[in-house]
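To start, the structure itself, in structure tokens.
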Amino acid sequence: IEIGSAYPTEETANSSVVIKGRNLMDGLPKNVTIHADEVREALADPLSMIVDAIKSTLEKTPPELSADIIDHGIMLTGGGALLRGLDLLVAQETGMPVHVAERPLDCVVDGTGKQLEVNMPSEYYKANKAKKK
């Protein structure tokens with residue numbers, strides 16, 4: 001993630017990182033320099049699949065929700081949202097405004113917690129506590 005990006009920017013244009021490891025051919029230690037454009041190229045196919053999934057979801061979205069997305073945009077969550085430039089790539093490919101959540105890594109946990117509160121009546125938790133005693 002240090003030099004990885006989904007979209008070329010000035011920040012990543014000349015970025016590189018030195019990877020230290022062992023050459024599998026001769027077993028000797030070796031340093032290899034990897035450039036940001038090489039990482040971006042390696043990520044191109046998986047990112048294309050993500051963008052296609054987003055487009056497919058948008059195509060199937062009911063009209064009343066589509067209006068909300070047009071007004072407020074797409075919110076990227078989870079660890080993938082931390083990939084530099086992913087918001088720019090998705091915006092370019094969908095024509096929609098795209099935002100990265102303030103704390104993208106916490107979104108799944110927060111959402112799951114909220115969903116459990118909605119779907120599970122309080123009696124459920126009381127019954128489980130009584131069984132554990």
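The values are calculated or read from the model by the stated rules, or taken from the named source; none is laboratory data. It should be emphasised that the depicted structure is a prediction, and the values quoted were computed from it without experimental measurement. Quick reminder, even Gly has a Cβ in these numbers, built from the backbone with ideal geometry, and neighbours come from all protein chains shown.
For this structure, a couple of remarks:
- Selection count where residues are of a type outside the set (Ser, Thr, Tyr) and under 10 Å from Ile54 (Cβ atoms), scope the stretch 90-107: 4
- Residue ID - modelled with the highest pLDDT, chosen from residues in the stretch 101-133 that are among the basic types (Lys, Arg) and not in a helix (DSSP H, G or I): Arg103
- Entirely in the stretch 1-100, the helices (runs of 4 or more DSSP H) that have 2 or more residues that are farther than 24 Å from Gly111 by Cα and touching a residue at least 12 places away in the same chain (Cβ under 8 Å): 36-60, 86-94
- Filtered by the rule that a residue be among the acidic types (Asp, Glu) and surrounded by fewer than 16 Cβ atoms within 10 Å (Cβ to Cβ), the stretch 63-100 gives Glu64, Asp68, Asp71.
- Filter pass, Asp87 being over 20 Å from Ile50 (Cβ atoms) and either modelled with pLDDT of 90 or more or among the acidic types (Asp, Glu) (or both): no
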